[in-house]
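Each remark here refers to the structure printed beneath this line.
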Amino acid sequence: MVSPDISDAELAEMHSAGVRGVRFNFVKRLVNPVPPEVLKSVAERIAKLGWHIIIYFEAPDLPEYYDFFASLNTVVVVDHMGRPDCSKPIDGEEFELFLKLLRENDNCWTKVTCPERLSLQGPPSYDDFVPFAARVVDVCMTTEVDYDPFVIGAQSSGVCASRMAASRCKRIAVVEELSLIHISEPTRLLSIS
């Protein structure tokens, strides 16, 4: 746990132990979020260590936090595509603001994950989730980095997102638990059963 009053010595100890990121949870139904102005000092301190920040929020709350997220000066990874409401239009205000965060901030990545949490239609195809995931992949594609700038969890539901991404990307990075799996031929993922 990284609280706002954590000492530099504690951060250094965590760094020596291999920690390289923190997660800021802004999902109001789960926690009482710490105000961004309090987290700003933590963000500045961990940026000096080269750590990343995972941000977890729900789409309706992004306008409240947008400026804070855009101000972070380290790699920012958005959990679950900012939890879009898959019953809303893909070109709606909420999702467009999320895409703007990705487009205008090179340090912002996103996890294309958790169709089982976001989809109202559910398995096996997650038909309402796939257009949102596809749009994220299209926005994130770039030729200026080695890997397209997003992270995909490869557990069971992540396979669905991985297949979709593989059909659109040149190269992707898949994170599975603690290891990074580089995939230079992502079309191979299409054959996963």
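The values are calculated or read from the model by the stated rules, or taken from the named source; none is laboratory data. All values derive from a computational prediction rather than experimental measurement. These accessible areas exclude ligands, DNA and RNA; they are computed on the full protein's heavy atoms, side chains included. Shrake-Rupley method; radii C 1.70, N 1.55, O 1.52, S 1.80 Å.
Summary of computed values
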| quantity | calculated |
| --- | --- |
| Value of relative contact order over region 1-109, rounded to a whole percent, pairs C-alpha under 8 Å and six or more apart | 24 percent |
| Sulfur and carbon atoms: percent of accessible area, region 68-137 [1.4 Å] | 50 percent |
| Normalised per residue, the volume of the convex hull around the Cα set of region 1-146 (Å³) | 131 Å³ |
| Under-5 Å amide H pairs with H52, H placed in peptide plane, nonlocal only | G21, V22 |
| 22 Å Cα-Cα reach of K111 towards lysines, excluding residues that sit fewer than 8 places from it in its own chain | K28, K88, K100, K170 |
| Solvent exposure ordering (accessible area, 1.4 Å, most first) of L39, L49, L120 | L120, L49, L39 |
| By accessible area with a 1.4 Å probe, ligands and nucleic acids excluded, highest first: order of K40, K88 | K88, K40 |
| Probe 1.4 Å, protein heavy atoms only - accessible area per residue of region 1-60 in square angstrom | 56 Å² |
| List E13, E93, E44, ordered by accessible area with a 1.4 Å probe, largest first | E93, E13, E44 |
| Whole-Hz ³J(HN,Hα) from phi, Karplus 6.51 cos²θ - 1.76 cosθ + 1.60, for region 105-117, glycine and proline x | 9, 4, 8, 9, 10, 9, 8, 8, 9, 6, x, 5, 8 |
